[in-house]
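Written out below as structure tokens is the structure these notes cover.
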Amino acid sequence: MGGSLSEIALAFEAAVRKDSGNSDAWMLLGNTQAQNEKEEAAIRALQKAVEMNGNNLTALMSLAVSYTNESYDQQAYLMLERWITAKYPDVVTRTAPMNNRDIHSRVTELFIQAAREAPEGQNMDPDVQVGLGVLFYGSGNFDKAVDCFVSALNTRKDDYLLWNRLGATLANSGKSEDAIEAYHKALDLKPTFVRARYNLGVSCLNIGCYSEAAEHLLGALSMHQIGSDNGEIKNVSSSLRDTLMRAFKMMEREDLCEKLRTSINVNQFRDEFDF
Amino acid sequence: MPKKHIVILGAGVIGLTTATLLQQEKEFEVTVIARHFPGDLSIDYTSPWAGAHWRSYATNDDSRLIEYEKKTFHHFWNLAKASKNNSGIMIVDGFDYWDRLPDDFSEPWFKDFSPEYRHLDKGELPIGVEFGITYKTVTINAPVYLNYLLHTFLSLGGTTQRANLSHLYDCIKNDTDIVINCSGIHSKTLGGVEDTNVYAAKGQTIVVQLPRSHVNWTFERYSAGCGSGGIAAGGVITYVVPRDNGEVLLGGTYVEHDYSPEPDLEEASAIVQRCLSTRPDLLPHDQTNLVIKKNCVGLRPCRKGGMRIDAEWIYLENFEKKILIVHNYGHGCYGFQSSYGAALDVVKIINSSMFNSKI
């Protein structure tokens, strides 16, 4: 499967082996792993990117998102604080010190200040909206997070990452149907986007469509195979495998669970699932 | 992953079964909050007044209820067969009698499910009965089974709290992740639920004490006004449910929208008469009459459209977090016999809702 995220990740891995001091190469590797639903690998690469260049804005934002997904909320807020300090140093110096406030409200306040600096329509920085969205998402305030992602999408209609973030936020606030629509937008823009397909599977699980969920998850897993199509997968994403296992359990299909325990080869499921 | 904290409102058969199944899952820590617990007797607490026996009223197209009742039957059957049986469940012969074979009679769905299901021969029918079926089934000593559930739940590490709440959200604390409403009849008035489809169907029964094992059968008799579906408003229904300790429960009545807690003593003696005339062998040879041990009144938690089992996320501004609200109530006259299957479904719904999407 040409151009799969797994193959692109291999290319970036080769690049950082050659030039391990290249922050952008680490950042691209990290972003690819996150899109490929391999969060731990993404975090390792993004940490390297930030280590090589503390002002790598894209890496800081991506790392904040990955930490949020793994529930490392404090680390996520720290990355966002570093991001806003690097990009909007004036906002930080002009805002009165807030040492007595917890980091979440402190960083949120800085992002709100930065958003006010640029009135809507004029040079609005969608990344500020994304950061705010991540902050609201982290505190469970999904309605506000949705507003932020929608606002960022107004200026970046073709940003498949944003469509996925909007979808996941909708899904986690219980709006599975709307979420599925957003994921489909993301997948239309980028068919090889494994994370959006994984999320689609999760939303199907949420609404009790277990067999459909399994198909999406198998589809996502199949994108992890590299080269020949014998169905073998290396460096399997544990979240994908675990979630597929849960889907089989929900289907009350112990036989499928056993198959999956024995082998990660997706071809063994093709006679029953269409993916 | 830290454990998810679940609060269950209600300690009837639905609440306690749901609590026990969830406490068994390693991801959850369950607290049952209720006004009444096993051992309490109150008109506000329906479960201890139940018969109870397994006799499905699910229509042939109600696949959800059929699934629940199948699963519950298997569970009860296994409990009854367990070497150490302290659950108050026993296996008996079940009989259904119709005074008149309804014109629209069709075989119940459990024809191919219940062990040893068959039509009764003419010679096996009580006087005044035109048609009947028999099958193996189980009876449940409701107070004993409720105690068994509570004991199982506590031994798994579950906790309980006595409280009288007027709003569903009153049970939510900082660490609460999931709330499950198993408040039965109270879902009609409980704030945050206020389900206008909920109503009571009052039932009156009598408990008599007989020698242990004297009665090893249960019956239901459908007389004037009952359709083919069995128990119904306006119909005369008669039933006998033996318990493992020699108590035998005689019933019954089915009066919708009647919330009065007092037993009608005339009705009580009419019930005894109906039971004796259906099965004279209820009376032991050395007894001339049945001695009433207890008159019972219970309010079946009925719901237009059937039981409600679903889940929704809510965001609570004051706690700055989202909470999963699950409902499991409205089981009418089939609470015990659907309890286990319904609770399994709740576990499934909660597990499905726990998957997080990734931004």
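The values are calculated or read from the model by the stated rules, or taken from the named source; none is laboratory data. Since the structure is predicted, the reported quantities are computational estimates derived from the model, not experimental observations. Methodologically, a virtual Cβ is constructed for each residue, glycine included, from the backbone with ideal geometry; neighbour enumeration extends over all protein chains shown. All accessible areas refer to the heavy atoms of the entire protein, side chains included, with ligands and DNA or RNA removed. Shrake-Rupley method; radii C 1.70, N 1.55, O 1.52, S 1.80 Å.
Just a few scattered comments:
- Exercise: per-residue mean of other protein chain Cβ atoms within 10 Å, B:315-322: 3
- One quarter of the convex hull surface built on the alpha carbon atoms of the stretch A:190-275 amounts to 5.3 nm², the projected area averaged over directions.
- Ligands, DNA and RNA left out, the accessible area of the protein assembly as shown computed with a 1.4 Å probe is 49% carbon and sulfur.
- Rounded to the nearest 10 square angstrom, A:PHE149 shows an accessible area of 0 square angstrom against a 1.4 Å probe.
- Accessible area (Å², 1.4 Å probe, nearest 10) - A:TYR72: 100 Å²
- Peptide B:347-355 has a mean shielding of 5, counted as Cβ atoms of other protein chains within 10 Å of each residue's Cβ.
- Value of Rg/Rh across the stretch A:1-147 [Cα atoms, Kirkwood radius]: 1.01
- Convex hull of alpha carbon positions in the protein assembly as shown: directionally averaged projected area 33.7 nm².
- Using the average count of surrounding beta-carbon atoms within 10 Å as a protection proxy, the listed peptides B:190-201, A:43-54, A:84-95 rank, highest first, as A:43-54, B:190-201, A:84-95.
- Options B:PRO280, B:PRO38, A:GLY54, ranked by Cα towards positive dipole end of the protein assembly as shown, top entry (Cβ charges): A:GLY54
- Under a model in which nothing but the beta-carbon of Lys, Arg (+1) and Asp, Glu (-1) is charged, the protein assembly as shown shows a dipole of about 1160 debye around its Cα centre.
- Relative contact order for the stretch B:1-109, counting Cα pairs under 8 Å that sit 6 or more residues apart, in percent: 19 percent
- Accessible surface of B:TYR148 - all protein chains present, 1.4 Å probe, nearest 10 Å²: 50 Å²
- Shown are A:ASP274, B:ASP104, B:ASP40, whose ranking by accessible area with a 1.4 Å probe and every protein chain present, most to least, is A:ASP274, B:ASP104, B:ASP40.
- Neighbouring partner chain Cβ atoms per residue of B:305-313, average, 10 Å criterion: 1
- Across chain A, the relative contact order, built from alpha-carbon pairs under 8 Å that are at least six residues apart, equals 14 percent.
- Per residue, in Å², the accessible surface of chain A once ligands and nucleic acids are set aside, probe 1.4 Å: 44 Å²
- Protein heavy-atom accessible area occluded, B/A pair - total, 1.4 Å probe, Å²: 2000 Å²
- Given charges at Cβ of Lys, Arg, Asp, Glu: the stretch A:71-156 dipole, positive-most of A:GLY131, A:THR93, A:ALA76: A:THR93
- Taking chain A as a whole, the Cys residues whose C-beta sits 4.7 Å or farther from every other Cys C-beta are A:CYS148, A:CYS257.
- 222 nm mean residue ellipticity, helices alone, for chain A (DSSP H n ≥ 4; -39,500 (n - 2.57); rounded to 500): -22000 deg cm²/dmol
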